[in-house]
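S.K.: Below are the structure tokens for one structure; questions will follow.
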Amino acid sequence: MISEIFTRQEIHAAARMIDNASSVAILTHISPDGDALGSSLAMQRYLKILGKDPVAVIVPNTFPQFLSWLPAAQDILVYEQNADECGVILHEADLIICLDFNSSKRIGKVGPLLDASESKKLVIDHHIDPDIAADLVMSYPSATSTCELVFRFICQSGNFDFIDLPTAVCIYTGMMTDTGNFSYNSNHPELYNIVAQLVTLGVDKDDIYNRVFNTYSAERLRLTGYCLYHKMRLFKHNKRNSLALIALSSQELLRFNFHSGDAEGLVNLPLQIGDVYLSVMMREDTDKIKISFRSQGDHPVNEFAAKYFGGGGHKNAAGGEFYGSLDDAVRLLEQHVNELYEQKQPTI
Ligand code: 5GP
Ligand code: MN
């Protein structure tokens, strides 16, 4: 048995909202990752099994090819490509379920539609400080992933038996991707209890690993080599390499035929260097610089991402944006980099 993390009131209130709805729209964050898609598709399948119809999954923009094999991913509606239909669905939904994001700013152009909607709203998420005006917010930042929360939610609702193999596959995928294949934020013993239950349901975890991490294009791998050989800058603190920065211009991305999701995981690589415990990646997008932060141990990067780059996220994995040139974004980081070093270094 796994412990009950949601309160009885939360479970009852959520059940009432689901019972009272027939049409449901599920929303998740911009540039959806394994957890965003996995939790949304798992929730969609669960609600369909409960008899809800229609249940739509709407994402703000496209998702990476390496997640397109997820069960029912082909039915996901991409707002950017289908704004009118998504607008109607959101307007008509009895219930909107927001998964894996804590603010309407994280869903791009869908944000104003969510804010304006009069539908009932339920949030299930693991990012700190949720600020979505919803009827019920189930926020558990200590969870590894929203997928873990969806699993717990279904179980605590008394419906473990409704978790079939496709649902289990979706849940496992998000738990795996949000922990870097169980290499960070993954010390809670119950995690492995949940994994055991998912594998018992038939999840082939080795296959999922291969589908997500071993399906790169040749260009993607060459981009990795280019980043590490030509682009990685190391910053010293207390005479030791401590921070790595990779900043990529749009021309460089074009050269490697960059697609959405190609940057996924790149920011983690410099952490393989013994003394590097902070890693930053900047990538020039069409209208902004997208920034990813990673750290090891007791170095919260989410606060820094929020303070200087209008972002947020988790202690060891955060992101943000910069409106200006790539050089100016690098300069802003350089100006304040000492703040990133301030907390105590990880004990190894
Ligand atoms: P990634 O670097 O993989 O894009 O994101 C890492 C984490 O930071 C994710 O959990 C994501 O939710 C969060 N994150 C990424 N970009 C942003 C952003 O622009 N704003 C906020 N608030 N969080 C972000
Ligand atoms: Mn997540």
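S.K.: Within region 86-102, track down each residue that is within 16 Å of ligand 1 (Cβ to nearest atom) and surrounded by fewer than 24 Cβ atoms within 10 Å (Cβ to Cβ).
M.R.: Of everything in region 86-102, just one residue is within 16 Å of ligand 1 (Cβ to nearest atom) and surrounded by fewer than 24 Cβ atoms within 10 Å (Cβ to Cβ), namely N102.
S.K.: For region 271-279, check the following and say yes or no: at least one residue is assigned to a helix (DSSP H, G or I) and either at pLDDT below 95 or on the phi < 0 side of the Ramachandran plot (or both).
M.R.: Yes - at least one qualifying residue is present in region 271-279.
S.K.: Quick check on Q251: is it under 21 Å from G225 (Cα atoms) and without any contact (Cβ under 8 Å) to a residue 24 or more places away in the chain?
M.R.: yes
S.K.: Scan region 122-170 residue by residue and report those that are among the hydroxyl-bearing types (S, T, Y) and in a loop (DSSP other than H, G, I, E, B).
M.R.: Result: Y140, S142, T144, S145, S157.
S.K.: Within the set of pairs 6+ apart or on separate chains, which have a first residue in region 304-318 that is in contact (Cβ under 8 Å) with a residue 24 or more places away in the chain, a second that is surrounded by fewer than 18 Cβ atoms within 10 Å (Cβ to Cβ) and assigned to a helix (DSSP H, G or I), and C-beta atoms under 7 Å apart?
M.R.: Listed by first residue and then by second, the contacts come to F304/E339; Y308/L332; Y308/H336; G312/A306.
S.K.: I've got another one for you. Just for region 13-31: of the residues that are in contact with a helix residue (DSSP H, G or I) (Cβ under 8 Å, 6 or more places away or on another chain) and either under 22 Å from K105 (Cα atoms) or free of Cβ contacts under 8 Å to residues at least 12 places away in the same chain (or both), which one is nearest to ligand 1 (Cβ to nearest atom)?
M.R.: H29
S.K.: Residues being modelled with pLDDT of 95 or more, crowded, with 21+ Cβ neighbours inside 10 Å and under 23 Å from P64 (Cα atoms): count how many of those fall in region 241-265.
M.R.: 3
S.K.: Please work out if P71 is within 28 Å of Y192 (Cβ to Cβ), touching a residue at least 60 places away in the same chain (Cβ under 8 Å), in a loop (DSSP other than H, G, I, E, B) and more than 15 Å from ligand 2 (Cβ to nearest atom).
M.R.: Spelling it out, P71 is indeed within 28 Å of Y192 (Cβ to Cβ), touching a residue at least 60 places away in the same chain (Cβ under 8 Å), in a loop (DSSP other than H, G, I, E, B) and more than 15 Å from ligand 2 (Cβ to nearest atom).
S.K.: Considering only residues of region 103-119 that are more than 19 Å from the chain's Cα centre (by Cα) and not in a helix (DSSP H, G or I), which is nearest to ligand 1 (Cβ to nearest atom)?
M.R.: Among residues in region 103-119 that are more than 19 Å from the chain's Cα centre (by Cα) and not in a helix (DSSP H, G or I), the one nearest to ligand 1 (Cβ to nearest atom) is S117.
S.K.: Hey, can you tell me all the residues within region 220-240 that are touching a Phe, Trp or Tyr at 6+ places or on another chain (Cβ under 9 Å), more than 22 Å from F293 (Cβ to Cβ) and loosely packed, with under 14 Cβ neighbours inside 10 Å?
M.R.: The answer is none; no residue qualifies.
S.K.: Please work out which one of (1) touching a strand residue (DSSP E or B) at 6+ places or on another chain (Cβ under 9 Å); (2) within 15 Å of ligand 1 (Cβ to nearest atom); (3) at positive phi is the condition A72 fails and give its number.
M.R.: (2)
The values are calculated or read from the model by the stated rules, or taken from the named source; none is laboratory data. None of these values were measured; they are calculated from a predicted model. Positions of Cβ are backbone-derived with ideal geometry, glycine not excepted, and every protein chain shown enters the neighbour counts.
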